[in-house]
Amino acid sequence: MLTSKERSETKRIPMMPIRDVVIFPHMMTPFIVGRDSSVRALEDALLGEKKIFLATQHDASVDEPRPDEVYGVGTIANIVQSLKQPDGNIKVLVEGVERAKVVSISEEEGFFRALVKTAQFRVEAGPQLDALTGRVTGLFEQYAKLSQNLNYETMVAAIRVDDPGKLADQVGANLQLTIEEKQELLEIFDPVDRLNRIAEMLDIEIEKLNVDRTIQGRVKRQMERAQKEYYLNEKIKAIQKELGRGEKSEYDELKKKIEDAGMTAEAQEKAMAELRRLEQMPPMSAESTVSRNYLDWLLAVPWKEKSKEIRDLKYAEEVLEADHYGLEKIKERILEFLAVRRRVKNPKGSILCFVGPPGVGKTSLGKSIAKSTGRKFVRLSLGGVRDEAEVRGHRRTYIGALPGQVIQMMKKAGTRNPVFMLDEIDKMSTDFRGDPSAALLEVLDPEQNNMFQDHYLDVEYDLSEVFFIATANVMHTIPAPLQDRMEVIRLSGYTELEKMEIAKRFLVKKQMEQTGLSGEQIEFADEGLLELVQSYTREAGVRNLEREVGNVCRKVTRAVVRAEDDGGKTEETKRPRKAAKAAAQKTVVTAAKVTELLGPQKFRDSKADKKNEVGAAVGLAWTEVGGQILTTEATLMEGRGKLTLTGKLGDVMQESAQAAMSYVRSRAHVLGLPRDFYRDVDIHVHVPEGAIPKDGPSAGITLATAISSALSKIPVRCDVAMTGEITLRGKVLAIGGLKEKLLAAHRQGIFEAILPRDNEKDLPDIPENIRKDMRLHFVESVDEVLKIAFERDPASLAIPPQPIELGTRPAEDVH
């Protein structure tokens, strides 16, 4: 396709800058002229040939633009009509004639006069031109159909022209383009180039309109569906009203529930605001479900409901005694709490923490407390919880958000003052989702929990009337700030007599019920229960004892059922039940019967296979499940003074062994040993069982006794257990867990123990029967320990001490 410039000429005519519009050739455009400079330029043009040069400003906000603030290409236009208005402005109608390029601009008599250059192009007709004009025409017709701002018939008629330049200008003038894009078209003088650019722009604009049409169609369908749902809902309401049903709307019912719930002012205000939002939402929208769930949770939480407390101390004492044997300190604390409740109208809620080995009754004690006080009981297990949101909940912005477990448990309780058990509080952990123990600080602080704020509810909730009880096996895994907020009550293991009493009162009855036995079919003798306690269990609590009792009951049940079956087969009369009853004989569970039913003893009596040995001392240890005895062994070998420690000992225990060795070396003369005895021997200390980690300083005197025995060849008494921390000067320091350790010794049949003098103050915590059965030696130094623990007094071996000559150490002793 060929285009050629036919001619060009230069003209000097008045110039008017225009704003927010681009005038194309062959385009009729009305506008208002108000600026003084523009009015003068218009008047000058009217006096002459009625032609004026119109160029668009770069910035429409500039009132008096400079020549460089006006585009360099504009349109020469004929002034078709002008009308002066009363306010001084002139309404003018112009028709574009041709585009022109500014050569220069001068200012004359208060207006611009421009020297412009025009150019005329001639286009040769041909197939290519016809194809291009046909394409532009077709695209513009498609654009006019899609556009809502153009009249299709008018636009189609306007572009029925033969001149390609005029076609391009007509289409460009009617496209919804920006000022910059229209100015770009105006500056293209070549008609063919202009048509190509117009075709590109039409493609883009048609694509935009198609996207808009798709979006509008989707929005329209959604609006139609919402309107349909609204219409049907309103029709249902009208029908129900005609039938006399549901005169009150769902929103009215919710409003009444909110008013009657007894919420705080903040919570009620938030609930009402949420209800107003809910009323304005479409019923089936996702957002309305979120709001409705939130309101349901606000209404489900107890705001004013309270359990009527039982403040009868005598009744509470009877309930606690009936449910649990022993545990005097716990029972005293509960009775004190009830006494305070009777004297004080609104006391703060108590926060207790029961710490003790498994199976001693911590969880069941919480249920008994609820029963004795007349409160509801809820339990939240914190074992393995590692997400802070488990305590405080998720914010409502999350999909599927719910309140935390504290609020959920309060909903389950249905009252403001339940007994709330936080079970296994020592088993919580932490990860990237937060620290749940830190979130519990607010829950368990009496000064803060009256303003507890769950992330989901986002309103303050009062937990101050809740009786919180936490349970734990150990304290060292509970963060110190959390420990500080709780009153810790320790539950130690049970003695053998206490276990027998618990078995008689509770465990036997429970297992008989679970196995379908009656008192006519089974009876547990005291010796049978004692055999179960001593030979088939080794624990601080009673869980394993209950299992063994259940094991016995199941075996007896099987025998009873077999006897019934045999009796039913052999009897030919019509009274099989009588025959079965006669066939089933009562089983008395004695010690021999226990062995017959359960097989060999799992734990042998510690006295049966023990004798006094050299280098073996019985120590006492504390574990998470109660006390335990540890036999510490020491042996000598030829060597060069090396001390070997095995048995998976921790750092503290290894240091205790080194301190014990240093003490023995410093007191070698007391044991009849030469000063340099260690140069020719290696000492190996082992604490069974090797796979179990052990740590702590309380084995100090046990290690010193074992090492001293190995060196002096004096056997250690096997019927004496010991515990105590050792210093380099041979002092014996206090230890912890005394009750558990003595219970362990008593269970193992050891009735004599060596203890630090500083622990004598802990004797009142030891059960009376243990104090009566055991002989306790309180000592201050290791010398006293050796006198008691050895078979014979080591003083008979003593030799005069040899002076230490400093600076004369043999070379071979330096490793």
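The values are calculated or read from the model by the stated rules, or taken from the named source; none is laboratory data. Model, not experiment: these values are computed from the prediction. Quick reminder, even Gly has a Cβ in these numbers, built from the backbone with ideal geometry, and neighbours come from all protein chains shown. Just so you know, the surface numbers come from the protein's heavy atoms only, side chains and all, with ligands and any DNA or RNA stripped out. Shrake-Rupley method; radii C 1.70, N 1.55, O 1.52, S 1.80 Å.
Kirkwood analysis of the Cα pair distances in the range 491-546 returns a hydrodynamic radius of 11.7 Å.
When the Cα atoms of the range 441-562 are aligned to their principal axes, the ranges along those axes come out at 63, 29, 20 Å in descending order. A 1.4 Å probe run over the range 89-165, with the rest of the protein chains in place, finds 53 Å² accessible per residue. In terms of overall dimensions, the range 276-344 has a Cα radius of gyration and Dmax of 22.8, 62 angstrom.
The amide H of Val97, built 1.01 Å from its N in the peptide plane, has His26, Ile76, Ala77, Asn78 as neighbours under 5 Å, considering only residues 5 or more places off or on other chains.
Round to the nearest 0.05 the FRET efficiency obtained for Val219 and Arg395 when R0 = 25 Å and r is the Cβ-Cβ distance. If you can, show how the numbers build up before the last one.
On the way: r = 30 Å, r/R0 = 1.19.
My answer for the efficiency is 0.25.
Subtracting the Cα-Cα distance of Arg12 and Phe432 from their residue separation scaled by 0.36 nm leaves 143.4 nm. For the range 648-716, the calculated P(r) over all alpha carbon pairs, in 5 Å bins from 0 to the bin holding the longest distance, is 3, 17, 26, 25, 15, 10, 3, 0 percent. Sorting the segments 656-665, 180-189 by their mean number of nearby beta carbons within 10 angstrom, highest to lowest, gives 656-665, 180-189.
Using θ = phi - 60° in the Karplus curve 6.51 cos²θ - 1.76 cosθ + 1.60, the 3J(HN,Hα) couplings for the range 317-334 round to 5, 5, 5, 5, 5, 6, 8, 9, 9, x, 6, 5, 4, 4, 4, 4, 5, 5 Hz; x is entered for Gly and Pro.
Electrostatic tally near Leu444: other residues with Cβ closer than 10 Å to its Cβ, Lys and Arg +1, Asp and Glu -1, net -2.
Spherically averaged projected area of the convex hull of Cα atoms, the range 741-790: 3.5 nm².
For the pair the range 55-114 and the range 544-558, the centres of their Cα atoms are 110 angstrom apart. Checking (i) 1.10; (ii) 1.78; (iii) 1.29 against Cα Rg over 2.2 N^0.38 Å calculated from these atoms, the matching label is (ii).
For the residue pairs Lys694/Lys787; Lys257/Lys331; Lys329/Lys427; Lys348/Lys412; Lys509/Lys611; Lys220/Lys411, alpha carbon separations beyond 32 Å are given by Lys257/Lys331; Lys509/Lys611; Lys220/Lys411. Dividing the mean sequence gap of close Cα pairs (under 8 Å, 6+ apart) by how many residues the range 685-790 holds gives a relative contact order of 29 percent.
Between Leu146 and Glu279, the modelled label-to-label distance comes to 4.5 nm, taking each label 7 Å out from Cα in the direction of the beta carbon. Remark on Cys353: its backbone amide H falls under 5 Å from those of Ala470, Glu487, Val488, Ile489, a criterion applied only to residues 5 or more positions apart or on other chains, H modelled at 1.01 Å from N.
3J(HN,Hα) along the range 657-665: 5, 5, 5, 5, 5, 4, 5, 4, 5 Hz, from the Karplus curve 6.51 cos²θ - 1.76 cosθ + 1.60 with θ = phi - 60°, whole Hz, x for Gly and Pro. Note on the range 368-431: Rg/Rh from Cα positions, Kirkwood definition for Rh, rounded to two decimals, is 1.04. Looking at the chain, the DSSP beta bridges with both ends there are about 60 percent antiparallel.
Computed extension length for Lys367-Gln585: 74.7 nm, one decimal, from 0.36 nm per residue of separation with the Cα-Cα distance subtracted. Computed from point charges on the beta carbon alone (+1 for Lys and Arg, -1 for Asp and Glu), the dipole magnitude for the chain about its Cα centre is near 3240 Debye. Averaged over residues, the count of other Cβ atoms within 10 Å places the peptides 457-468, 212-223 in the sequence 457-468, 212-223, highest first.
With the simple model of a label 7 Å out from the Cα in the direction of the Cβ, Asp566 to Glu332 spans 5.5 nm.
Excluding ligands, DNA and RNA, the accessible surface per residue across the range 241-343 is 63 Å² with a 1.4 Å probe. Relative to the 2.2 N^0.38 Å rule of thumb, the range 118-192 has a C-alpha radius of gyration ratio of 1.13. Using just its DSSP H runs of length 4 or more, each adding -39500 (n - 2.57), the chain gives a mean residue ellipticity at 222 nm of -13000 deg cm²/dmol after division by all residues.
Once backbone amide H atoms are built at 1.01 Å from N, Val589 has Glu523, Phe524, Ala525 as its partners under 5 Å, excluding neighbours fewer than 5 places away on the same chain.
Normalising the average separation of contacting C-alpha pairs (under 8 angstrom, six or more residues apart) by the number of residues puts the relative contact order of the range 644-740 at 36 percent. Listed peptides 168-174, 124-130 appear in the order 168-174, 124-130 once ranked by packing, highest mean of other Cβ atoms within 10 Å at the front.
Tell me, rounded to the nearest percent, the portion of alpha carbon pairs in the range 426-489 spaced more than 20 Å apart.
32
Based on C-alpha pairs under 8 angstrom that are at least 6 apart in sequence, the chain has a relative contact order of 7 percent. Its Kirkwood hydrodynamic radius, worked out from the mean inverse distance over all distinct Cα pairs, puts the range 583-717 at 17.0 Å.
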